[in-house]
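The values are calculated or read from the model by the stated rules, or taken from the named source; none is laboratory data. Since we're looking at a predicted model, the values are computed, not measured. Ideal geometry is used to build each Cβ from the backbone, glycine not excepted, and the neighbour counts take in all protein chains shown. Please note that ligands, DNA and RNA were not included when accessible areas were found on the heavy atoms of the full protein model with its side chains. Shrake-Rupley method; radii C 1.70, N 1.55, O 1.52, S 1.80 Å.
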Amino acid sequence: MSEANAITVDVVSDVVCPWCFIGQKRLDKAVAAAGDIEVHIRWRPFQLDPTIPPQGKDRREYMLAKFGSDERIREIHARIEPLGDAEGISFAFDAIKVAPNTLDAHRLIRWAGAAGEAVQNRLVRRLFQLNFEEGVNIGDHAVLVEAAREAGMDASVVATLLPTDADIEAVRTEIATASRMGISGVPCFLLEGKYVVMGAQDVDTLADAIRQVAAAKARGELDTVG
């Protein structure tokens with residue numbers, strides 16, 4: 001397939017963002033709906049709350065401090081759950097005991113990208129599942145090492161790197177760059193480094209954006225970035 005019929009979609013997201021999980025599912029469907037366009041997906045970091053300590057926080061206490069009441073939390077979850085059901089996601093919010101700091105998860109996603117697009121995609125999907133469907137603490141290094149192994153990465157290398165400062169500043173710099181670009185919420189889909197689709201848009205909207213950008217690129221109307 002020619003590069004003229006291929007585009008890159010950078011997905012700025014956080015693996016503790018339920019809308020990002022929904023967005024990931026919808027992007028998969030949009031890629032399938034876009035026809036014979038080759039879509040390369042790269043996952044970029046964002047932290048909804050970088051102030052959470054490395055060991056995480058009790059999620060219920062964290063959510064209460066953020067939203068004020070159990071009733072409000074239940075309302076938020078009740079709004080998201082049917083949208084997840086529609087995308088094949090079984091949100092298990094009550095099973096999530098820890099609100100994790102996601103910096104190490106983003107370091108792992110970065111390393112997965114170096115191992116290949118397919119590996120990175122598998123890892124991101126697994127981290128979403130672990131957090132939202134299984135209630136597992138994705139700030140835990142043992143959990144991240146196992147997720148890396150399942151995605152096809154060298155788990156021993158990951159286990160060696162996680163306790164170090166490797167790529168911490170690189171991830172933080174990338175997050176800061178997203179902020180400077182005006183990205184204040186996620187998911188954010190950046191097509192060919194130029195065209196932005198904000199939020200967990202419906203499949204048709206994403207597929208249409210993919211087709212339009214691919215067509216513009218094929219006509220030579222884009223200067224690709226990245």
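Could you grab the pairs with beta carbons closer than 7 Å, sequence gap of 6+ or different chains, first residue in segment 62-78 and in contact (Cβ under 8 Å) with a residue 12 or more places away in the chain, second one not in a helix (DSSP H, G or I)?
TYR62/ALA99
I'd like the full set of residues that are charged (D, E, K, R) and in a helix (DSSP H, G or I), limited to segment 189-219.
Initial filter on segment 189-219 (charged (D, E, K, R)): 192, 194, 202, 204, 208, 211, 217, 219.
Within segment 189-219, ASP204, ASP208, ARG211, LYS217 meet the criteria.
Can you name every residue in segment 102-124 that is in a loop (DSSP other than H, G, I, E, B) and within 16 Å of THR164 (Cα to Cα)? Show your work before the answer.
Of segment 102-124, the ones in a loop (DSSP other than H, G, I, E, B) are 102, 116.
Correct list: THR102 only.
Can you tell me which condition ALA142 does not meet? The list is (1) among the aliphatic types (A, V, I, L, M); (2) within 20 Å of GLN47 (Cβ to Cβ); (3) part of a helix (DSSP H, G or I), and all the others hold.
Condition not satisfied by ALA142: (2).
Within segment 157-176, can one find any residue that is farther than 23 Å from LEU48 by Cβ and of a type in the set (Ser, Thr, Tyr)?
Yes, segment 157-176 contains a residue that is farther than 23 Å from LEU48 by Cβ and of a type in the set (Ser, Thr, Tyr).
Would you check if there is a residue in segment 152-167 being within 18 Å of CYS20 (Cβ to Cβ) and in a helix (DSSP H, G or I)?
no
Step by step: first the residues of segment 34-51, then only those that are farther than 18 Å from ARG110 by Cβ and in contact with a strand residue (DSSP E or B) (Cβ under 7 Å, 6 or more places away or on another chain), then the one that is most open to solvent (accessible area, probe 1.4 Å). Which residue is that?
GLU38
Just a yes or no: is a residue in segment 153-165 surrounded by 14 or more Cβ atoms within 10 Å (Cβ to Cβ), among the small types (Gly, Ala, Ser) and in contact (Cβ under 8 Å) with a residue 24 or more places away in the chain? Lay out the reasoning, then the answer.
Taking segment 153-165 and keeping what is surrounded by 14 or more Cβ atoms within 10 Å (Cβ to Cβ), we get 153, 155, 158-159, 161-162.
Within this subset, residues satisfying the condition of being among the small types (Gly, Ala, Ser) are 155, 159.
Add one more test, that the residue is in contact (Cβ under 8 Å) with a residue 24 or more places away in the chain, and what stays is none.
Checked segment 153-165: no residue is surrounded by 14 or more Cβ atoms within 10 Å (Cβ to Cβ), among the small types (Gly, Ala, Ser) and in contact (Cβ under 8 Å) with a residue 24 or more places away in the chain.
Would you confirm whether any residue within segment 72-83 is outside any helix (DSSP H, G or I), surrounded by fewer than 21 Cβ atoms within 10 Å (Cβ to Cβ) and not basic (Lys, Arg)?
no
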